Amino acid sequence: MTLATEHVNVLRTNGARAMPAAKMRNPVEPGHAAEIPSVDRLLNARAFHALLARHGRTQVVAALRTHLDSLRHAALAGALARASLTGEVIAAAVDTTLAEAARPRLRPVFNLTGTVLHTGLGRALLPEEAVRAVARALSAPVNLEFDLQSGRRGERDGVIEGLLCELTGAAAATVVNNNAAAVLLMLSVLANRREVLVSRGELIEIGGSFRLPDIMRRAGAKLVEVGATNRTHLPDYAAALGPRSALLMKVHTSNYAICGFTKSVTLAELVGLGRAHAVPVAVDLGSGSLVDLTRWQLPREPTVRETVAAGADLVTFSGDKLLGGPQAGLLVGRADLIAKLRKDPLRRALRVSKFTLAALEAVLALYRAPEFLTERLPTLRLLLRSPAHMRAQAARLRPLLQRSLGEAYQVADAPMLSQIGSGALPIEQLPSYGLAVRAARGKRGSLERLDAALRALPRPVIGRIAEKTLWLDLRCLEAADEALFDTQLAALRP
Ligand SMILES: *Cc1c(COP(=O)(O)O)cnc(C)c1O
């Protein structure tokens, strides 16, 4: 089946309906279910040879039994045509069932939501180099925990520690499954049954049940809230310090901004206080960029290097947000603290797979040549797509989509605003371009129905409905995918 024909029916009425028995040509008489061929006879029929070769006997027999049962029911109800009983027709029905079952449930989609790092759509896309590194690491044994020099057992994150230190200026580094795990590990190991001081303005909820106070409780640490929601001063931290203080913590307010009458304490000030009282300062950077994004006129986001340079003892950040790599939680900082984290059994429970390490090493290596990042790192490439290019793309696609949707809908090319997503730079929006679809006046086109039809395409198209408009932001539709996108649009035709 071709892409174009597979889903042509999505906007039409739903396929074949059960036919009333009276109108059926040559029906099987009720009670004559015996005319239905046997499993053995069918399996030996020519029509089944290819099916057996493709899917194997186990699946074919199971699907065939289910299909014959449904034919039997139809026969008893007097709603079975003789034409449904040939080997070819039965084989085709079984083939459809098995092909549907074989289709992966985890599938590529077109992300036209306008959110580049969309958590629900898998966040950062990996560069080619990283994909190849993962494939290599999966198809041959690798020195995952094996030191090639000594021939002894090695550290799992040994392969990326050097690179992470080089890129961030930190003395040591380790990696776990995601940033939530990094924060959990840090708090459990360094602050169990002790106190962690956090400004009331930084008690974040990230979504997907990551709430700082909850993670604290889970880690057995006692949260000491400092200051007020909008204003926290250095003396507030100083007053809260005591013999049970384990960490001074700063959390990047990834997905909100507090503005107006505000005051927060800088990292440098907090480090001064921490040093004076020998209490380490930890920073959850959230997205944590490895390069200064303003060099490409993108909004500013604190870099890991400057956070380390400002004196943070530990910094945690995500691998699949602005860094543009695989899902991972990176911890960089003081060697003695990292060594403690590494020794803890919880680290073992949160350890990363070889896929992650292979991908992470390849992505980090790209940062050694920052001048090529805009071509090589998909996240950055998408964030930097030129509005003129997206505008031309929208102008080209508008008539195609309009023709496919017919007069029930009105398609316009329109400027829109994308966001970085995943809590990076929440209030900054990037000008982009796309298609805005509205239901035509007096027609019965429904945006929800159209949205569902787009999601039912072979490669589902995910847009966003707001203000009685379906917005299809073209920022994440790159040239390489345009041909497939076009073909699918033609298949939508009513
Ligand atoms: C995103 C984020 C997290 C969670 O990171 P994951 O990698 O999704 O687990 C934690 N803290 C902050 C500040 C974040 O922005």
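The values are calculated or read from the model by the stated rules, or taken from the named source; none is laboratory data. The model shown is predicted, which means the values in this text are computed figures rather than measured ones. Using ideal geometry, Cβ is built from the backbone for each residue, glycine included, and neighbour counts are taken over all protein chains shown. When the accessible area is computed, the model is the full protein with side chains, heavy atoms only, and any ligands, DNA or RNA have been set aside. Shrake-Rupley method; radii C 1.70, N 1.55, O 1.52, S 1.80 Å.
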Quiz item: If you plug each phi of segment 106-116 into the Karplus form 6.51 cos²θ - 1.76 cosθ + 1.60 with θ = phi - 60°, what whole-Hz ³J(HN,Hα) values come out, in order, with x for Gly and Pro?
Solution: 8, 10, x, 10, 8, 8, 10, 6, x, 9, 5
Practice problem: Using a 1.4 Å probe and ignoring any ligands, DNA or RNA, find the accessible area of D147 and quote it in Å² to the nearest 10. | Solution: 60 Å²
Quiz prompt | Relative packing of peptides 445-452, 389-396 - highest average C-beta neighbours within 10 Å first | solution = 389-396, 445-452
Practice problem: May I ask you to list the residues of segment 395-411 whose amide nitrogen lies under 11 Å from a point 7 Å from Cα along the Cα→beta-carbon direction of A440? | Solution: 402-411
Exercise. Just need the relative contact order of segment 128-373 here, percent rounded to a whole number, with Cα pairs under 8 Å and 6+ apart.
Key: 27 percent
Practice problem: Using +1 at the Cβ of each Lys and Arg and -1 at the Cβ of each Asp and Glu in the chain, identify which of Q410, S139, V363 lies farthest towards the dipole's positive end. | Solution: Q410
Self-check item: Contour excess over end-to-end distance, with Cα ends at D147 and R464 and 0.36 nm allotted per residue
Solution: 109.2 nm
Quiz item: Amide H neighbours of Y409 under 5 Å, counting only residues 5+ apart in sequence or on other chains, H built in-plane at 1.01 Å?
Solution: A440
Exercise. Find the relative contact order for the chain and round it to a whole percent, using C-alpha pairs within less than 8 Å whose residues are 6+ positions apart.
Key: 20 percent
Quiz item: lysines within cross-link reach of K354: Cα-Cα under 28 Å, excluding same-chain residues under 8 positions apart?
Solution: K321, K340, K343
Quiz item: Amide H to amide H under 5 Å from K222: which residues, 5+ apart in sequence or cross-chain, H placed 1.01 Å off N in plane?
Solution: R193, R194, E195, V196
Quiz item: Per-residue HN-Hα couplings for segment 475-487, Karplus 6.51 cos²θ - 1.76 cosθ + 1.60 at θ = phi - 60°, whole Hz, x for Gly and Pro?
Solution: 3, 9, 9, 8, 3, 4, 9, 5, 4, 5, 4, 4, 4
Quiz item: If you take every DSSP beta bridge whose two residues both sit in segment 128-373, what share of them, in percent to the nearest 5, is antiparallel?
Solution: 40 percent
Self-check item: Highest to lowest packing among 117-126, 346-355, scored as the average C-beta count within 10 Å
Solution: 117-126, 346-355
Self-check item: Among beta bridges that DSSP assigns inside the chain, antiparallel share in %, nearest 5
Solution: 60 percent
Self-check item: Sequence-separation-based contact order of segment 307-447, relative, with Cα cut under 8 Å and 6+ spacing, percent
Solution: 16 percent
Quiz item: Given H placed 1.01 Å from N in the peptide plane, which residues other than close sequence neighbours of S289 have an amide H under 5 Å from its amide H?
Solution: V304
Practice problem: Just grab the label-to-label distance for A309 and L484, each label 7 Å out from Cα along the Cβ direction, in nm (one decimal). | Solution: 4.1 nm
Quiz item: Given R₀ = 51 Å, FRET efficiency for A365-E29 by Cβ-Cβ distance, to 0.05?
Solution: 0.10
Exercise. List, in order, the whole-Hz ³J(HN,Hα) value for each residue of segment 247-252 obtained from phi through the Karplus relation with A = 6.51, B = -1.76, C = 1.60 and θ = phi - 60°; use x for Gly and Pro.
Key: 8, 9, 10, 10, 10, 5
Quiz item: Under the rule of -39500 (n - 2.57) per DSSP H run of 4 or more residues, summed and divided by the residues of the chain, what mean residue ellipticity at 222 nm is obtained, to the nearest 500 deg cm²/dmol?
Solution: -11500 deg cm²/dmol
Quiz item: Spin-label point model (7 Å from Cα, Cβ direction): what's the L447 to R72 distance in nm?
Solution: 5.0 nm
Practice problem: Treating the angle as unsigned and between 0 and 90°, give the value, to the nearest 10°, between the Cα long axis of helix 128-139 and the longest Cα principal axis of the chain. | Solution: 80 degrees
Self-check item: Selected from A228, L341, L85, residue furthest toward positive end of dipole (the chain; charges at beta carbon)
Solution: L85
Exercise. Return the inverse of the average 1/r over all pairs of distinct C-alpha atoms in segment 128-373, which is the Kirkwood hydrodynamic radius, in Å to one decimal.
Key: 18.6 Å
Quiz item: Could the peptides 49-62, 248-261 be put in order, highest first, of the mean number of other beta-carbon atoms found within 10 Å of their residues?
Solution: 248-261, 49-62
Self-check item: For the chain, the Rg and Dmax computed from alpha carbons only, in angstrom
Solution: 29.1, 94
Self-check item: Projected label distance in nm at A81 and A140, using a 7 Å step from Cα toward the beta-carbon
Solution: 5.8 nm
